[in-house]
Every structure is written in structure tokens, then in C-alpha cells.
Amino acid sequence: TSSVEKVAMSRPDISFKYIIDGEVKFITSGDNNTQNAIYAILGSDVAKKTIKVFREENGIKIEGFISSPNLNRSNRNLEIFYINSRYIRSAVMVKALEQAFDSYIPGDKFPVCVINVEIDPRYVDVNVHPSKLEVKFSNEQVIFDAIYYAVRTALATKIERPTLFNEPKESIAN
């Protein structure tokens, strides 16, 4: 995804119209609905197979969408994370997401996500990388746990797992 696409998904409250060489690539509605922005940018197949993620704990708010397990990719290109609505890259966040999906998707596949983490800026160092894309957290375990449990809870709540039913045994007394 391009930089413009990432900005548009981080700000669903703003309408974006992206044109390249006279061709409209996407238009977002600006209706403050992240799923509608995902639909406009990543397409209906992705948007229809998303699960809402929300968790607020210890001053950290996790909000966004993850793919259902039947929508996965062969690379991490659609694992999209934001800190306070700013696109970033974070190995801790990727690890938390992928571990939460463990047992839901094959090990050689990757989930799709658009997740924003609202956190006090004092706990995030954006000066780790020259382009300011990579961040460092003062407490990585807290961030890991917040994302892991937000994703795992969403999956456990929304995804039905197959259940094994035992046939009732006939009574010998009959």
C-alpha cells in the first residue's frame, strides 16, 4: 500500500480522492468509518472479511480491524499499524498480531490488519529510524500484551471453531 493509502486509512474522518495519471485510484467517504476506508482502498473482499478489534486498558487504546482467518496473505504488506493515527513499523506489534493468529492460520501465511494504538506519546520514541517509521516503546511488553489480547479476544469472540459432538450412548437398561 502507498503512503497516501496509509494516511487515508488512518484518517477515516477525512475524505480522500487519490488520482494517478488522470485515473481515480480510490475515494474515501470521510464518514469516520474505518471499515469504509478499508473498502475504498483495499477492496470489498478485504472489507467484508474483517473483524473489529477494540481494547482499552492501562492507558492504551487498541482499535481497528483484522482479517478473518480465511483471508490471509503470503507476505506482511497488509499488516498496517498506527500509533496515534501515524503509520509506523514495529516488530513488537507484528509479533503480537501474528502470535494472536497462531492456530488460526497456517504458519507461512500472514493476517491483514489496520490497527491504531492510542498511547501517551511520552511512551513512544519515534527517533529510532531516519524516516521515523520505526518506533521504540518504553515498555514493549505492555504494547505486545495490549495488541495480542485485543486480537485474540476478537478472534475468539467472532470465529466459530469446529466442535466435536459425541453421539449419546444408548442405555443398556432399555
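Couplings 3J(HN,Hα) of region 53-64, computed from phi: 10, 8, 7, 9, 6, 6, x, 10, 10, 10, 8, x Hz, in residue order, whole Hz [Karplus 6.51 cos²θ - 1.76 cosθ + 1.60, θ = phi - 60°; x for Gly and Pro]. Pull up all non-local amide H partners of Ile83: gap of 5 or more, or a different chain, and H-to-H distance under 5 Å with H placed in the peptide plane. Sorted by chain and number, the residues that satisfy this are Ile88, Val117. In order along region 93-102, the Karplus-derived 3J(HN,Hα) couplings, from 6.51 cos²θ - 1.76 cosθ + 1.60 at θ = phi - 60°, round to 5, 4, 4, 5, 4, 5, 5, 5, 7, 3 Hz, and Gly and Pro are given as x. Answer with one residue from Leu71, Ala40, Ile27: the one whose Cα lies farthest towards the positive end of the charge dipole of region 16-77, charges on Cβ with Lys, Arg +1 and Asp, Glu -1. Projecting each Cα onto the dipole axis, the largest value belongs to Leu71. This model, with +1 at the C-beta of Lys and Arg and -1 at the C-beta of Asp and Glu, gives region 49-115 a dipole about its Cα centre of some 200 debye.
Can you tell me how region 18-60 classifies by the Cα gyration tensor, rounded, prolate or oblate, using a/c under 1.5 as the rounded cut? Note, shape of region 18-60 comes out prolate.
Accessible surface for Glu98 stands near 50 Å², nearest 10, in the context of the full protein assembly shown (1.4 Å probe).
The values are calculated or read from the model by the stated rules, or taken from the named source; none is laboratory data. None of these values were measured; they are calculated from a predicted model. With ideal geometry, Cβ positions are generated from the backbone for all residues, glycine too; neighbour counts draw on all protein chains shown. Heads up: the accessible areas ignore ligands, DNA and RNA and are worked out on the full protein's heavy atoms, side chains in. Shrake-Rupley method; radii C 1.70, N 1.55, O 1.52, S 1.80 Å.
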